[in-house]
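Values quoted throughout were computed directly from the atomic coordinates according to the rules given, and no laboratory measurement underlies them. Since we're looking at a predicted model, the values are computed, not measured. Cβ sites come from the backbone with ideal geometry, for glycine too, and all protein chains shown count toward neighbours.
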Amino acid sequence: MKLSFWKILKIALQGKTTKMFFVLTVLSLSFSMGVILCNLGLMDGYEVLVKEGLRKNTSDLEISSSSGFFEINNEFTELINKSEIKEYAGVIKTQGFIVNNEKSKGVLLYGIVPEEYSKVSRLSIPLKGKDTIVLGSELAKELKVGIGESVTITFTRGNKSFEDLPYVAEIEVAGIVTHGVYRKDSRVAYLPRGYIEEFTNSKGMLNSVLVKLDNFSDKEIESYVSRVEESFWEKGFEVRPYWRDFATLFEAVEVEKFSITVILQLIILIALFNIVAFINFNAIKKSQDFFLLRSLGLSFKSLYTFWTLFILLIWFISCIFSLVFAFFFDKVVLKLPAFSVPGKVYELDHLSISLDLKSVLIVFALTFFWSLISIFYIISREKKKTILQGIKGQYT
């Protein structure tokens, strides 16, 4: 006797209790998979958001010299005169303090030419004159200062004859910008490059050059750096991708992704126990129906094939619903105020799920592996039972 899978499934799922048990079994596995997908997606999304924030406010590459300040001379322009490089901007970076309302904050000061900087960055810096400054949004919030108000800046002149005497000046806040990355919003301020040149004694030299490439992806940027870094190093320069300062953090996230994926396999195993329990429950409840089918000629092999396809069906449905759970969590749950994150810890003010195909396939494949293990267990257990045990319904 031969019956199709769907006809046996109809018999196996008869009854309200059985259908409810089946639905709960599917939801259990899909929710477990969804939890893992959400965790992986949060970590992937964290890296995506941080990189988006970084790329929004800086260039693709940063070039610095081991000797500190340098000039953009013919030797340097030959290094960057590549077809992939579209624009570059010279920057002077120095550290200092900003004081307001008796509160001081150590900052990283960028000396820029706004027109040049806007060509390598999507961030517009609204400097309006020589004696103006633009602050990061978190920095302005911490200092309790707004546009049009004044702050006091302090940094060293860089002149050997006056190196013990810091430069102190009051300067107007011309604008406030949001980078999208907490570390920059809370530490970075912008000044006209000529203003910093005057008091750092750099005499037209720079200590950093920001470079924009021709619409390169992150992988293409990484590949480009590996190709050219040796030639830059020979000339005393270091070329770095825009995310280099956060590279250690991203590596830690990758390690954490692996650890969490391994640990959360426990909830997958618990969900698979529910599948085994459902099959036990169904086999006992439907023992008379299955015996009738056996008496009509249904082989045990056909029955084992049915349970195998049944578990794979649960796995397939759960895969689809797990993506629905991940989508719901990203679009609804993460929007709630209770799920806002502290920027000081996470560098961001919110999280987002970003699932790539590799992460999804890994979760699906691992769950498929555990499903095969449960199939093997059920078949090996049922083979040990005699026909008499099957007739009596002794599925324990």
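What number comes out for the charge environment of C38, summing +1 per Lys or Arg and -1 per Asp or Glu over other residues with Cβ under 13 Å away?
On the way: positive: K257, K331; negative: D44, D330.
With Lys, Arg at +1 and Asp, Glu at -1, the neighbours total 0.
Test of understanding: ordering D185, D214 by Cβ neighbours within 10 Å, fewest first, what list do you get? List each step's numbers first, then the result.
Working: D185 25, D214 13.
Listing D185, D214 from fewest to most nearby Cβ atoms yields D214, D185.
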*May I have the convex hull volume per residue, in Å³, for the Cα set of region 61-241?*
117
_Per 0.36 nm of contour for each residue apart, how much would the distance between W6 and M20 grow if the chain were fully extended, relative to their Cα-Cα spacing?_
3.2 nm
*Pull up the cross-link candidates among the aspartates and glutamates for K130, meaning alpha carbon to alpha carbon under 17 Å and not fewer than 8 places away within one chain.*
E115, E116, E149, E170, E172, E197, E198
*So what is log10(I(q)/I(0)) for region 97-203 at q = 0.17, 0.22, 0.24, 0.25 1/Å, when the Debye sum runs over its Cα atoms only?*
-0.76, -1.23, -1.40, -1.47
*How much net charge surrounds N101 when only other residues with a Cβ under 14 Å from its Cβ are counted (Lys, Arg +1; Asp, Glu -1)?*
0
_Could you tell me the relative contact order of region 61-241? Use alpha-carbon pairs under 8 Å, at least six residues apart, and round to a whole percent._
36
*For region 1-40, would you read off the P(r) tail past 17 Å as a percentage of all alpha carbon pairs?*
50
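Tell me, what is the FRET efficiency for S217 and L249 to the nearest 0.05, using R0 = 25 angstrom and their Cβ-Cβ distance as r? Don't skip to the answer; put the middle values down first.
Values: r = 20 Å, r/R0 = 0.80.
E between S217 and L249, to the nearest 0.05, is 0.80.
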*Considering only T200, F237, V168, whose Cα is most displaced toward the positive end of the charge dipole of region 61-241, charges sitting on Cβ of Lys, Arg (+1) and Asp, Glu (-1)?*
V168
_Using alpha carbons only, how many angstrom separate the centre of region 62-119 from the centre of region 301-329?_
55
*Could you tell me whether region 168-217 comes out rounded, prolate or oblate from its Cα gyration tensor? Rule is a ≥ b ≥ c as square roots of the eigenvalues, rounded for a/c under 1.5, then prolate if a/b exceeds b/c, otherwise oblate.*
oblate
*Which value, in debye to the nearest 20, describes the size of the charge dipole of region 61-241 about its Cα centre when Lys and Arg Cβ atoms bear +1, Asp and Glu Cβ atoms bear -1, and nothing else is charged?*
400
